[in-house]
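Chemist: Below are the structure tokens for one structure; questions will follow.
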Amino acid sequence: MNKCLRRQGTFLEKRSLDPQKLLMKTIINIPIDKIKPDVAGVLKTQGVPPPPGPPPPGRVTSLYHSAEELFLKLAAPTAIMAEVTIPQFTEIFKGNGLNEPDTPLEKIFPRASQLALFAFTLGPEVCLEIEEQLNTHNFALGYMLDAVSSYSTDKGAGAAQNIFLEHLTSTGQADASTRALLYSPGYCGWHISGQQKLFEYLKPEEIGIHLNKSFLMTPLKSISGVLVAGDKRIHRFKNSYTFCVHCPSKNCRERIAQNP
Ligand code: SF4
């Protein structure tokens, strides 16, 4: 567990690195309340309609609270962020040359005012606990803890967007029309192998995130990508790319609607 990181407060490190590589790198302890799960949100991901729908059975709510208690005890939400220039990110985005020939991100990031590489993890202990619950046949609690952790990991993206935007606003680099959104390898035409170059630059190993040969992260409850800040209009696009046909979530529509 990243005990040493957790002890040191919110902004742990702010140091200048090789300006040809990274303009600034920061390790951040994300306060747990920024990613705290909620019963309605987690159960919605499991197909239970939120209020005013019928209330879930008491045993489901009770299971949720047991999982939330474990989560709050074990999660160590930590992020690493490093600003990059547009030319630097152009190289990172090329990755291993496996991206789709036409992607939304390649049209968005050149119009950004600021870019930052980003990775976030809940830490290893909550993932080990999920495994432990499943291995000891406590399937219901294991699956609920998995759902709680996935939900909170997704909230980590929102927390990162807010932290980046607050940083830019407080330093006079953003105004009311600025939006900062996270784009990740493995989505929307950015090939999953793009993780390799992103990791080479950002080095999330410093907060305990590692890549395996399939470019998946461990701990599993981690996210990575690039935070793109700029005028809200740069994030709007039509989801008419060839790969959109196979997209089950179409969640770009929700993101655009949430950032008017
Ligand atoms: S429809 Fe899916 S794949 Fe297409 S841009 Fe939106 S989120 Fe990405």
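What follows draws every value from the coordinates through simple rules; no lab data is involved. If you're wondering where the values come from, they're calculated on a predicted model, not measured in any experiment. Neighbour counts are summed over all protein chains in view; Cβ atoms, including those assigned to glycine, are modelled from backbone coordinates with ideal geometry.
Chemist: Only Cα pairs under 8 Å and at least 6 apart count here; give the relative contact order of segment 168-251 as a rounded whole percent. Mind dumping the intermediate values first?
Modeler: On the way: 72 pairs, mean separation 30.7, N = 84.
Relative CO of segment 168-251 lands at 37 percent.
Chemist: From the backbone phi of segment 137-152, what are the Karplus-calculated ³J(HN,Hα) couplings (6.51 cos²θ - 1.76 cosθ + 1.60, θ = phi - 60°) in whole Hz, Gly and Pro given as x?
Modeler: Going residue by residue, I get 6, 8, 4, 4, 5, x, 5, 5, 5, 4, 5, 4, 5, 5, 4, 6 Hz, with x marking Gly and Pro.
Chemist: Follow-up question, since we're still on this one. Of K107/K221; K44/K155; K25/K155; K44/K250; K36/K197, which ones are farther than 19 Å apart at the Cα? Each step should come with its number before you reach the end.
Modeler: Details: K107/K221 29 Å; K44/K155 14 Å; K25/K155 22 Å; K44/K250 17 Å; K36/K197 31 Å.
Over 19 Å Cα-Cα: K107/K221; K25/K155; K36/K197.
Chemist: Moving on. Taking H placed 1.01 Å from N in the peptide plane, check which residues at least 5 places from T103 or on another chain put their amide H under 5 Å from its amide H.
Modeler: none
Chemist: Right, something else. Working out 0.36 nm times the residue gap between E206 and S170, then minus their Cα-Cα distance, what length gain in nm do you get to one decimal? Present the calculation step by step, with values, prior to reporting the outcome.
Modeler: Numbers: separation 36, 0.36 × 36 = 12.96 nm, distance 2.66 nm.
Once the chain is fully extended between E206 and S170, it gains 10.3 nm.
Chemist: Which residue fluctuates most in the GNM of the chain (Cα springs below 10 Å): F199, F71, F215?
Modeler: Result: F215 has the largest fluctuation of those listed.
Chemist: On to the next question. Between K107 and V60, what FRET efficiency comes out of the Förster formula 1/(1 + (r/R0)^6) with R0 = 41 Å and r the beta carbon distance, rounded to 0.05? Show your work: numbers first, answer last.
Modeler: On the way: r = 43 Å, r/R0 = 1.06.
Taking R0 as 41 Å, the efficiency between V60 and K107 is 0.40.
Chemist: Per residue of segment 31-40, in order, report the coupling 6.51 cos²θ - 1.76 cosθ + 1.60 (Karplus, θ = phi - 60°) as ³J(HN,Hα) in whole Hz, putting x for Gly and Pro.
Modeler: In residue order, the calculated couplings are x, 4, 5, 6, 10, 4, x, 9, 4, 5 Hz.
Chemist: Now for a separate question. With the calculation restricted to Cα positions, what are the radius of gyration and Dmax of the chain in angstrom?
Modeler: Rg then Dmax for the chain, in Å: 18.7, 57.
Chemist: What's the extension gain from T218 to K250 if we count 0.36 nm per residue and subtract their Cα-Cα distance?
Modeler: Extending this stretch completely gives an extra 8.9 nm.
Chemist: Over the chain, what is the mean sequence separation of C-alpha contacts under 8 Å (at least six apart), divided by residue count, expressed as relative contact order in percent? Don't skip to the end; give the middle numbers.
Modeler: Values: 404 pairs, mean separation 60.1, N = 260.
Relative contact order for the chain comes out at 23 percent.
Chemist: Provide the per-residue ³J(HN,Hα) series for segment 191-204, in order, calculated from phi with Karplus coefficients 6.51, -1.76, 1.60 and θ = phi - 60°, each as a whole number of Hz, with x at glycine and proline positions.
Modeler: Working through the residues one at a time gives 5, 4, 5, x, 4, 4, 5, 4, 5, 4, 7, 7, 6, x Hz.
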